[in-house]
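Structure first, then comments.
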Amino acid sequence: MSGEARKIRLLMHLRRSGITDHKVLGALERVPRDLFVPETFLDQAYEDKALPIGLGQTISQPLVVAMMTQALEIDDRHKVLEIGTGSGYQASVLAKLCRRVYTIERHKILLETAETRFAAMRIHNIVAICGDGTRGWPEQAPFQRIIVTAAHAGHEPPPALVEQLDDGGILVIPMGDDWGGQQVVRFRRDGDDVQREDLWPVRFVPLVPNMPA
Ligand code: SAH
């Protein structure tokens, strides 16, 4: 089967699995996932699977990328913060839908590789830094949307991320651990109020906060 045929098959699978937002499907269609996976896994680039990207990390499963992106309800005026750049795939999908993506990755090598891909694809609305994403990016706040692509092992979202969320903003974050199970949770900020909505079970690599200075 050709690469293009595999991609069409994947998009049809996403649609059948509940991805109804045409803008989200269009963004996934326009970002070639084969540019984000290691060469040894190229033949699986359009399978609905998470794949290893080195350092024990993974590029997320396409359905999870699509569902989390859809849950964010993004529009083209939004500033979006992503925690966990990884391969850069999710950031590139977001970049097709919003004004600017700010993305933070703790592994320098992964970050540099992702930045090379953004340049090669001529994506110019992503700004990436190396650091601890649980602290957010205060200089660039507020963000209309925040997405975390690693599992946060706590009952409350990281306080810095809630603080940096704009009024009316949405935070989508996997919460929990391997023992109690993880789920994707959506928080909506309404003034000083934050409403929580549990969305669906998921499995992510852990969000690793840096040791306090
Ligand atoms: N969004 C990525 C998948 C990310 S996997 C993609 O599309 O490919 C989760 C990533 O979160 C890993 O690369 C991991 O190194 C990173 N990560 C974990 N804890 C972090 C933290 N505290 N700050 C920033 N990045 C973190």
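For the chain, the mean residue ellipticity at 222 nm estimated from helices alone is -8000 deg cm²/dmol, where every DSSP H run of n ≥ 4 contributes -39500 (n - 2.57) and the total is divided by all residues, rounded to the nearest 500. With the Cα gyration tensor of region 131-213 giving a ≥ b ≥ c as the square roots of its eigenvalues, does the rule (a/c under 1.5 for rounded; else a/b larger than b/c for prolate; else oblate) give rounded, prolate or oblate? It is oblate, given that a/c is not under 1.5 and a/b is not larger than b/c. With the convex hull drawn around the C-alpha atoms of the chain, the volume per residue stands at 123 Å³. Between ALA5 and HIS124, the C-beta separation translates, for a Förster distance of 25 Å, into a calculated FRET efficiency of about 0.25. The distance separating the Cα centre of region 89-166 from that of region 10-84 comes to 15 Å.
Dipole size in debye (nearest 20) for region 63-202 around its Cα centre, Lys and Arg Cβ +1, Asp and Glu Cβ -1? The dipole of region 63-202 has a size of about 600 debye. Modelled spin labels at ARG135 and MET12, positioned 7 Å past Cα toward Cβ, are 4.9 nm from each other.
Counted residue by residue at 0.36 nm each, then reduced by the alpha carbon distance between them, the extension gain from GLU73 to GLU39 reaches 9.0 nm. DSSP loop (so not H, G, I, E, B), at most 16 other Cβ within 10 Å: list which trypsin sites (Lys or Arg not before Pro) in region 30-127 pass both filters. Loop-located and lightly packed - LYS49, ARG77, ARG99, ARG122. Annotation: amide H of GLN144 within the under-5 Å range of LYS79, ASP166, sequence separation 5 or more or interchain, hydrogens built in the peptide plane. Annotation: lysines with alpha-carbon distance below 23 angstrom to LYS7 (same-chain offsets under eight excluded): LYS23, LYS49, LYS96.
When only Cα pairs below 8 angstrom with a gap of at least 6 residues are kept, the chain shows a relative contact order of 15 percent. With the highest mean first, a sort of the peptides 137-145, 63-71 on other beta-carbon atoms found within 10 angstrom per residue produces 63-71, 137-145. Taking 0.36 nm per residue of separation and subtracting the current Cα-Cα distance, fully stretching the chain between ARG99 and TRP179 would add 25.0 nm. Full extension of the chain segment joining LEU55 with GLU197 gains 47.9 nm, where the gain is 0.36 nm per residue of separation less the Cα-Cα distance.
FYI, it's all coordinate maths here, none of it is from the lab. Everything numeric here is computed off the predicted structure, so don't read it as measured data. Methodologically, a virtual Cβ is constructed for each residue, glycine included, from the backbone with ideal geometry; neighbour enumeration extends over all protein chains shown.
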